[in-house]
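The values are calculated or read from the model by the stated rules, or taken from the named source; none is laboratory data. This structure is a prediction, so every number in the text was calculated from the model and none was measured. When we count neighbours, we look across all protein chains shown, and the Cβ atoms used for this are built from the backbone with ideal geometry, even at glycine.
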Amino acid sequence: MKLFSALLLTALTNLAWAQNKAILHTDQGAVKIDRHIYGHFSEHLGRCIYGGFYVGESNTTIPHTAGVRNDVVDALKKLKVPNLRWPGGCFADTYHWKDGVGPKAKRPTIVNTWWGGVTEDNSFGTHDFLNMCELIGAEPYLAANVGSGTVQELIDWVQYVNFAGESPMSKWRRENGRDKPWNVTYWGVGNETWGCGGNMKPEYYANIYRQYATFMTGWSNESKIFRIASGANSSDYTWTEVLMRDIPLNMLEGVALHHYSVIDWNKKGSATAFTEKQYFQTMQKALFMDELIQRHSTIMDKYDPKKKVALIVDEWGGWYDVEPTTHPGFLFQQNTMRDAVLAGATLNIFHKHSDRVRMANLAQTVNVLQAVVLTQEEKMILTPTYHAMEMYNVHQDATYLPLDLTTGTYTLDGEKLPAISASASKNTAGVVHISLVNIDAKAAQEISIDLRGGKFSAVNGRILTGTNVQEYNSFERPEQIRPATFKGATLKDGILKVTLPKHSVVVLAVK
């Protein structure tokens, strides 16, 4: 009987390894994982800017630099945020940049009609944002007002921030305290022009884009303007088709894509008190990103077979109901292990398509939607999503490695999802990093990885997980979820065996 039990256990163990296996080709990488895939998004929405990034230069005891919280800057520097998108979002197409420069006491106020109807004093403007990006070490990504702005307004903005010579705008910049230009490379030409950015038809927007893009170049000798067209809403493939067909490639550097992992736009569900079914549905929406990128890329390939134009996923993440008692227009939600799993799986998808996806922006950085940082007066906490992205930043600018993954399924109510998400890269020092996500909320998963094309003798790593998928960091318990040393991997004769706890994110370094 003991012998039978031992044989049965061995058989079940071998079956578990057989369900999840991969072949990693460590010598066949050809495409770089652009660090800009790890970008973030900051909109004038709720407490993202005011009360999040920016606390002002007076009447505060919170340590700051020119009104920007030092603790937030330090956290984002550690995260290695490569770029930051601003000022929106829907807000961008009602924002007039000239209202946000010059003496702060003389700046006009604005009513934020998109997000809560609150009145803002424009104390955080172009100088504040671009100087903050320098503190963080992030490249700015400015979203231009096409919906309610003018071509001249955008020309003036580009000239103001990028022109080193003598001109009306560069003279004004110097009068406002900045001698050298910031040389901003990344510019969005409108935002969601199919919706809050003007409710345009794709043919109309393509013509508008061509008009705006014509006048954006020639203002900087230091950097080339990277123009990003307002792209499709999730699976609107017609939008991408029209833009690629009607805009000449020499006028276009990037096309945007927005996709949120929302169960039901009318009933999004709680950010923390969700069922396993809701978790499963959220992950279905998140993993749909793979099909979206494939299909939009196929359209782009038809017009741009050399892949010169980048696909820019500049809004992505989980979107749930706001936290109870908070302003419904401020989109403040908590952040659980579900969000860490969502982030890890999404980044793995971006890595897989890094030949076309060369920038992405998680929505949003502070206090809004799937934020990496939450603030409450003088307190600041890091969310599970922050920790997942910090673990993953070893992939930035590394070479993507082909990974042939066979995985079992995570099954619920007769529906199936892949149990494991994975990707890998090699850095310039020859270290291979493998990121693994166990999507299964109920069971651990074991995977065997055949490392081919090199000799490896050591493995170490970190893990992010919790007691349940609803767990989160609060201001009372700020370190409930944080990375820990991972001890569930063994390496022998080129075979890496890993045991992944349920709903976990693991990043391994193999040398």
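Give me the residue from the stretch 268-280 that is touching a residue at least 60 places away in the same chain (Cβ under 8 Å) and of a type outside the set (A, V, I, L, M, F, W, C) and, out of that set, surrounded by the most Cβ atoms within 10 Å (Cβ to Cβ). Before the answer, list the steps.
Of the residues in the stretch 268-280, the ones touching a residue at least 60 places away in the same chain (Cβ under 8 Å) are 271-274, 276-277, 279-280.
With the extra rule that they be of a type outside the set (A, V, I, L, M, F, W, C), the set shrinks to 272, 276-277, 279.
Numbers: 272: 16, 276: 14, 277: 13, 279: 23.
In this case the residue turns out to be 279.
Within the stretch 440-467, the residues that satisfy the criterion of being touching a His at 6+ places or on another chain (Cβ under 8 Å) and more than 26 Å from residue 32 (Cα to Cα) are 440, 441, 465, 466. Within the stretch 174-191, residues that are in a loop (DSSP other than H, G, I, E, B) reach partners that are among the aromatic types (Phe, Trp, Tyr) with beta carbons closer than 7 Å, at six or more positions or on different chains, in the pairs 181/163; 185/226.
Of all residues in the stretch 175-204 being aromatic (Phe, Trp, Tyr) and under 25 Å from the mean Cα position of the chain (by Cα), which is nearest to residue 231 (Cα to Cα)? So the residue we want is 194. Scanning the stretch 295-314 for residues that are touching a residue at least 12 places away in the same chain (Cβ under 8 Å), in a loop (DSSP other than H, G, I, E, B) and surrounded by fewer than 21 Cβ atoms within 10 Å (Cβ to Cβ) returns 304, 307, 308. All conditions in (1) surrounded by fewer than 17 Cβ atoms within 10 Å (Cβ to Cβ); (2) within 29 Å of residue 341 (Cβ to Cβ) hold for residue 240, with the sole exception of (1).
One line per residue, one yes/no per condition, for (1) in contact (Cβ under 8 Å) with a residue 12 or more places away in the chain; (2) touching a Ser or Thr at 6+ places or on another chain (Cβ under 7 Å):
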{"site": "225", "(1), (2)": "yes, yes"}
{"site": "233", "(1), (2)": "yes, no"}
{"site": "247", "(1), (2)": "yes, no"}
{"site": "266", "(1), (2)": "no, no"}
{"site": "282", "(1), (2)": "yes, yes"}
{"site": "286", "(1), (2)": "yes, yes"}
{"site": "293", "(1), (2)": "yes, no"}
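Here's a check for you: in the stretch 399-434, which residue that is polar (S, T, N, Q), without any contact (Cβ under 8 Å) to a residue 60 or more places away in the chain and outside any strand (DSSP E or B) is nearest to residue 340 (Cα to Cα)? For the stretch 399-434, the residue satisfying everything is 427.
Across the stretch 274-291, not a single residue is classified as under 23 Å from residue 331 (Cα atoms), part of a strand (DSSP E or B) and modelled with pLDDT of 95 or more. Considering only residues in the stretch 119-147 that are in contact (Cβ under 8 Å) with a residue 12 or more places away in the chain and β-branched (Val, Ile, Thr), the one that is nearest to residue 69 (Cα to Cα) turns out to be 136. Cβ separations smaller than 7 Å between residues 6+ apart or across chains give the following pairs from the stretch 93-106 residues that are under 16 Å from residue 56 (Cα atoms) to residues that are surrounded by 15 or more Cβ atoms within 10 Å (Cβ to Cβ) and of a type in the set (Lys, Arg): 100/107.
To keep it simple, each residue is scored yes or no on (1) over 22 Å from residue 365 (Cα atoms); (2) under 23 Å from the mean Cα position of the chain (by Cα); (3) crowded, with 16+ Cβ neighbours inside 10 Å.
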site	(1), (2), (3)
74	no, yes, no
101	yes, no, yes
107	yes, no, yes
116	no, no, no
127	no, no, yes
137	no, yes, no
141	no, yes, yes
147	yes, no, yes
152	yes, no, no
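Would you mind finding the one in 321, 355 that is modelled with pLDDT of 95 or more, surrounded by fewer than 23 Cβ atoms within 10 Å (Cβ to Cβ) and touching a Gly at 6+ places or on another chain (Cβ under 8 Å)? It would help to see each step written out before you state the result.
Numbers: 355 fails: touching a Gly at 6+ places or on another chain (Cβ under 8 Å).
Result: 321 is the single residue among 321, 355 that is modelled with pLDDT of 95 or more, surrounded by fewer than 23 Cβ atoms within 10 Å (Cβ to Cβ) and touching a Gly at 6+ places or on another chain (Cβ under 8 Å).
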